[in-house]
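This report refers to the structure that appears directly beneath it.
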Amino acid sequence: MHKFLAALLLSILLPASFGTAEAGSFTVTPTRLSMTGAVDTGVITLRNTASTSAVIQVESFAWTDSPSIAELEPTRDILAVPTVFKLQPDEKQVVRVRARTRPGAVEKAYRIVLSEVPQLQNGASNGVQFALRLSLPVFIGPPGVKASPSWFVERGGSGDDRPWLRLSNGGEAHLHLTELEVTDDTGREIVGLASGPVYVLPGRAHRFALPDGRIQWPLRVEGKTNLGKVQVDIDG
């Protein structure tokens, strides 16, 4: 089957590191951009790792809450060029990103979405084709700003008494949670990062569902963020 079948409408949220991400038919370096102070430009390098050519489309979006591509808003605050290009096997392409907005008091978040455009093979479609998409975070803000996380338990409301573990960010920069293990007083693990790392943007929050069964309080929250290690005890 065509190489796009391996993607199966894949939408990957790249981790907040400055390494290399590999997905299907191309790699991306770095996996995020951060522009602070007078720095208003960045560079992304793509390499085609497939045995056939690939056409890549580059789009820029404002990111205010959900990282889902379907919920992002197109923006002109950042400019990424070229917007469309073709990569031959093992060929590299540099995408230059420039901020067109000045940093404010609070960090702004954006995403560069890189989409592999399906192509006809030998003049005909080779089965069903799906586009591979990578979503790369871009942060623009003043130097020195930090996230300010807080953890607490809340109830659902509206007749739903199910408890939730809430992570709020009251700071001026994003929080990136890369590891999480929540255990109750018996040592039983009740929450983890099953869906992968989590971003919490300034002024936003993320909720983790706690189990419906009986919980032995207090909870022990242990994890790792871009601020360092987390260890918090929470009463119900």
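The values are calculated or read from the model by the stated rules, or taken from the named source; none is laboratory data. Computed from a prediction, not measured in an experiment: that's the story for all the values here. Positions of Cβ are backbone-derived with ideal geometry, glycine not excepted, and every protein chain shown enters the neighbour counts.
Values as computed for the structure displayed
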read-out	value
Qualifying residue in segment 163-186 (condition: farther than 30 Å from G104 by Cα, aromatic (F, W, Y), in contact (Cβ under 8 Å) with a residue 12 or more places away in the chain and in a loop (DSSP other than H, G, I, E, B))	no
Filter result (under 19 Å from M35 (Cα atoms) and touching a Lys or Arg at 6+ places or on another chain (Cβ under 6 Å)) within segment 55-81	F61, W63, D77, L79, V81
Hits in segment 117-146 - residues which are part of a strand (DSSP E or B) and at pLDDT below 90	V117, Q121, A124, R133
Those residues of segment 94-111 which are among the hydroxyl-bearing types (S, T, Y) and within 27 Å of T27 (Cα to Cα), in sequence order	Y110
Unique match (being basic (K, R), under 24 Å from D65 (Cβ atoms) and either modelled with pLDDT under 95 or surrounded by fewer than 17 Cβ atoms within 10 Å (Cβ to Cβ) (or both)) among R188, R162	R162
